[in-house]
Amino acid sequence: DTAVSQTPKYLVTQMGNDKSIKCEQNLGHDTMYWYKQDSKKFLKIMFSYNNKELIINETVPNRFSPKSPDKAHLNLHINSLELGDSAVYFCASSQSDFYTGELFFGEGSRLTVL
Amino acid sequence: AQSVTQLDSQVPVFEEAPVELRCNYSSSVSVYLFWYVQYPNQGLQLLLKYLSGSTLVKGINGFEAEFNKSQTSFHLRKPSVHISDTAEYFCAVTQGAQKLVFGQGTRLTINP
C-alpha cells in the first residue's frame, strides 16, 4: 500500500490550460504539503495544510489553488498554465508534531507545459 | 531565517570508497537538521535527523552525520559506498513549526 500517492505521475499540457494534481495519504497524518522541484532539483515549499486548514502559503501565484477536502487529501489546481510552471510537484505529509521533521513524500508529478 | 548550503553539487566516487557530502546551515536559534535521499524518479525519503543529544547521528543504509555547532555544519558520511547509493542527497533544516527548508542537493555518483 503506497503511503503517499499522487496522480497523475506525468502531465503534458499547453500554455493557458488548467490542470489538477491529486494527492492522498493513508498514514493518518494531520499535515500535508506541496513542494515544487525545478529543473535544477531545487525543492521549495508551496503550501502546507494542517487538518484541512491552510498553514503555509509561500507567496505562490494565485493561479495555484490547493484544496483539502479532508485531512487525507490535498489537491493542487493550476489555472492558466505558464512555461515556468514546468517542474516536478511533490506532495508530502507529516505528523502534526512536526518537530520530528520527517516528511513522507509521494513519487512526484512531472508537469510539462508546452 | 534559517537556510542550508550544500557545498558540492556533484560528488563522484568509486565503489567501496568513503564519501562525505557537505552541508552548512545558518541560524541564530536551535535547529533541527536532516538528510534526505532521492533515488531516480522517486520521492524523497529520510536518511537521518538531528534533533538533540549526541552529535553523531546514524541513519539508514550505513550513513551517519555529525552535527558541529561551532562550524554550523552537518556533513553526511559513509565509510564504503555501493552502486545503489547513487542518488541525489538533500540537507534540510526546520524553519518555524511546520516548514522544512532544503539545500540545493548533491548528486552522488558511484563509479565501479
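Observations on the structure shown:
- Unmet criterion (only one of (1) touching a Lys or Arg at 6+ places or on another chain (Cβ under 7 Å); (2) open to solvent by 70 Å² or more (accessible area, probe 1.4 Å); (3) among the small types (Gly, Ala, Ser)) for A:Ser68: (2)
- Residue that is nearest to the other protein chains (Cβ to nearest Cβ), among those in region B:65-112 that are open to solvent by less than 30 Å² (accessible area, probe 1.4 Å) and of a type in the set (Asp, Glu): B:Glu88
- Restricting region A:71-87 to residues that are part of a strand (DSSP E or B) and touching an Asp or Glu at 6+ places or on another chain (Cβ under 8 Å), the residue that is surrounded by the fewest Cβ atoms within 10 Å (Cβ to Cβ): A:His77
- Applying the condition of being touching a Gly at 6+ places or on another chain (Cβ under 7 Å), part of a strand (DSSP E or B) and without any contact (Cβ under 8 Å) to a residue 40 or more places away in the chain to region B:30-49 and asking which residue is nearest to the other protein chains (Cβ to nearest Cβ) yields B:Lys49.
One line per residue, one yes/no per condition, for (1) in contact with a His (Cβ under 8 Å, 6 or more places away or on another chain); (2) more than 11 Å from chain B (Cβ to nearest Cβ); (3) hydroxyl-bearing (Ser, Thr, Tyr):
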| residue | (1), (2), (3) |
| --- | --- |
| A:Gly28 | no, yes, no |
| A:Asp38 | no, no, no |
| A:Asn50 | no, no, no |
| A:Leu54 | no, yes, no |
| A:Ser68 | no, yes, yes |
| A:Leu81 | no, yes, no |
| A:Ala87 | no, yes, no |
| A:Gln95 | yes, no, no |
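- Taken over region B:10-55, the criterion of being closer than 24 Å to A:Tyr89 by Cα and exposed (fewer than 12 other Cβ atoms within 10 Å of the Cβ) is satisfied by B:Gln10, B:Pro40, B:Asn41.
- Residue match in region A:16-24 (condition: within 13 Å of chain B (Cβ to nearest Cβ) and either within 12 Å of the chain's Cα centre (by Cα) or exposed (fewer than 14 other Cβ atoms within 10 Å of the Cβ) (or both)): yes
- Of the listed requirements (1) farther than 17 Å from B:Leu48 by Cβ; (2) in a loop (DSSP other than H, G, I, E, B); (3) touching a residue at least 40 places away in the same chain (Cβ under 8 Å); (4) more than 13 Å from the chain's Cα centre (by Cα), B:Ile110 misses just one: (2).
- Scan of region A:25-45 for residues that are hydrophobic (A, V, I, L, M, F, W, C), surrounded by fewer than 19 Cβ atoms within 10 Å (Cβ to Cβ) and outside any loop (DSSP other than H, G, I, E, B), ordered by number: none
- Residues of region B:50-74 classified as outside any strand (DSSP E or B) and either over 25 Å from A:Glu107 (Cα atoms) or over 10 Å from the mean Cα position of the chain (by Cα) (or both), total: 13
- Test set (1) open to solvent by less than 30 Å² (accessible area, probe 1.4 Å); (2) over 15 Å from B:Gly43 (Cβ atoms); (3) in contact with a Lys or Arg (Cβ under 7 Å, 6 or more places away or on another chain); (4) not small (Gly, Ala, Ser) - A:Lys52 fails condition number: (1)
The values are calculated or read from the model by the stated rules, or taken from the named source; none is laboratory data. As the structure is a prediction and not an experimental result, all values here were calculated from the model. Using ideal geometry, Cβ is built from the backbone for each residue, glycine included, and neighbour counts are taken over all protein chains shown. We work out accessible area using only protein heavy atoms, side chains counted, and drop any ligands, DNA or RNA first. Shrake-Rupley method; radii C 1.70, N 1.55, O 1.52, S 1.80 Å.
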